[in-house]
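Taken together, the values in this text are just the output of simple stated rules run on the coordinates, not laboratory data. These figures come from a predicted structure and were not determined experimentally. In this analysis, Cβ positions are derived from the backbone assuming ideal geometry, glycine residues included, and neighbour counts consider all displayed protein chains.
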Ligand code: PMP
């Protein structure tokens, strides 16, 4: 046999057509993508450095500035999921050995703490049980003690199901020369956030939740304070792909006349992100926030009528006498609805329901409630 002959045959699965079921994505993300955004993703590919692509990226930048309520020039979308934004924020603004303070009341703070540890930061944790709230006083005391260069808080803690207040924290960070980093992956478009007014130095989100774009891109913005810190560092950031010196040029944010090749951005992902931001701009932030508040209140009422306990936003306690995995499997099998269990410290304790953006309709709340009622009727008292 010659060296060039193929010894591994084409796999049988590759000779079958792609199959993707229709599902109601009522979990914590991704959420269903409306036809207009799906259509945007199916447009023909153009070069990632064509002038038309730069225009689309400029539109995305404006769309993010609106969604974040910021005038920050340093506003881009990551080629990658929410984790890319988490790593970008930490890698660029923190140098090895520097102190950071991470608030942890669910899984997301713990993730950011691990990311910071991996790059050699001196990590301090401010911990509450899942779903707990931090007072501004507690935060200030911890900042005074640890003198961090960065403080992290999740606005929408999707593993524990809470929306944390941010007012006043940006001012505390300023007073102590610390950057304020906020995660809004699970809350942007659903709950109000005002990057400039609330003195948030670094803010990021994801594409796949209330924005309703496919997963894979992540808006992020840095204000002047954050830029001063990240562009005056002594060491280069750990990641080449996430280095803001390069990304700011790729996104036309560094004032240089030309954009140089850095990496090939996800062209279709940017088309769909542009459309999702366009839909938000057309609808308006206030309208989007109002809709989420109304539908969540409606869903809560229905959940309470079913006798389910609500420890906090979007999460429900796994009811006594039920196996949560069985409930979720039943709902998926009989109703084509995805809901999910807990995550990290909340696993086994809660089930999570998300009705985000396009999915945020009372008719969908009814679908979720009917499915839950049916599951409660049929899965009773099975052993865990
Ligand atoms: N932060 C929060 C609050 C999230 O809910 C998520 C996604 N579940 C992430 C970060 C990470 O985003 P991704 O899965 O897109 O990397």
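Under a point spin-label approximation (7 Å from Cα along Cα-to-Cβ), what is the residue 231-residue 19 distance to one decimal in nm?
Output for this residue pair reads 5.3 nm.
Could you work out, for segment 230-293, what percent of all Cα-Cα pairs fall into each 10 Å distance bin, beginning at 0 Å and stopping at the bin that holds the largest distance?
17, 31, 27, 21, 4
Among 166, 6, 182, which comes first, second and so on when ranked by fewest other beta-carbon atoms within 10 Å?
On the way: 166 21, 6 7, 182 26.
Starting with the residue having the fewest Cβ neighbours, the order is 6, 166, 182.
I'd like the FRET efficiency for residue 52 and residue 196, computed as 1/(1 + (r/R0)^6) with the beta carbon distance as r and R0 of 35 Å, rounded to 0.05.
The computed FRET efficiency comes out at 0.70.
Could you check the spin-label model distance between residue 305 and residue 286? Points 7 Å from the Cα along Cα→Cβ, value in nm.
Here the answer is 3.1 nm between the modelled labels.
Can you tell me which of 170, 27, 97 moves the most in a GNM of the chain? Springs connect C-alpha atoms under 10 Å apart.
It is 97.
Given q = 0.20 Å⁻¹, what are the Debye log10 I(q)/I(0) values for segment 223-265, with equal point scatterers placed on the Cα positions and solvent ignored?
-0.67
Cα centroid distance between segment 262-313 and segment 9-47, in Å?
20
Can you work out the base-10 log of I(q)/I(0) for segment 230-384 at q = 0.09, 0.10, 0.14, 0.16 1/Å, using the Debye formula on its C-alpha atoms alone?
Debye curve over Cα of segment 230-384, log10 I(q)/I(0) at q = 0.09, 0.10, 0.14, 0.16 Å⁻¹: -0.50, -0.59, -0.83, -0.92.
Using the basic label-point model (7 angstrom from Cα toward the beta carbon), what is the residue 298 to residue 239 distance in nanometres?
In this crude spin-label approximation the distance works out to 3.8 nm.
By how many nm would the segment from residue 334 to residue 66 lengthen if fully extended, with 0.36 nm per residue of separation less the alpha-carbon distance?
Contour length minus the Cα-Cα distance gives 92.5 nm.
Over the alpha-carbon set of segment 89-168, work out the extent along each principal axis and list the three values in angstrom, largest first.
Here the spans come out as 32, 25, 19 Å, largest first.
If I stretch the segment between residue 137 and residue 177 completely, what's the gain in nm (0.36 nm per residue apart, minus their alpha carbon distance), one decimal?
Details: separation 40, 0.36 × 40 = 14.40 nm, distance 1.65 nm.
Result for the pair: 12.7 nm of gain on full extension.
Test of understanding: in a Gaussian network model of the chain with alpha carbons linked when under 10 Å, which of 210, 12, 89 would top the mean-square fluctuation ranking?
Of 210, 12, 89, the Gaussian network model singles out 12 as fluctuating most.
To the nearest 500 deg cm²/dmol, what mean residue ellipticity at 222 nm is calculated for the chain from DSSP H runs of n ≥ 4 alone, each contributing -39,500 (n - 2.57), summed and divided by the residues? The partial results should precede the final answer.
Details: 12 runs with 148 residues, N = 384.
So the helix-based figure for the chain works out to -12000 deg cm²/dmol.
Strictly greater than 19 Å: what percent of every Cα pair in segment 135-252 meets that? Provide the component values of the computation, followed by the final result.
On the way: 3590 of 6903 pairs.
The calculated P(r) of segment 135-252 puts 52 percent of pairs beyond 19 Å.
Which semi-axis lengths, in whole Å and largest first, follow from the square roots of five times the eigenvalues of the Cα gyration tensor of the chain?
Semi-axes from the Cα gyration tensor: 34, 29, 21 Å.
If you stretched the chain out fully between residue 39 and residue 224, how much longer would it get, using 0.36 nm times the residue separation minus the C-alpha to C-alpha distance?
The residue 39-residue 224 span can extend by a further 63.0 nm.
Determine the percent antiparallel among the DSSP beta bridges restricted to the chain, to the nearest 5.
Beta bridges within the chain, antiparallel portion: roughly 45 percent.
By counting other Cβ atoms within 10 Å of each Cβ, how are 250, 322 ranked from fewest to most?
Arranged by neighbour count, lowest to highest, 250, 322 become 322, 250.
Rank the residues 7, 235 as a footprinting-exposure proxy: fewest other Cβ atoms within 10 Å of their Cβ go first. Display every interim value, and only then the final one.
Numbers: 7 5, 235 10.
With the fewest neighbours first, 7, 235 line up as 7, 235.
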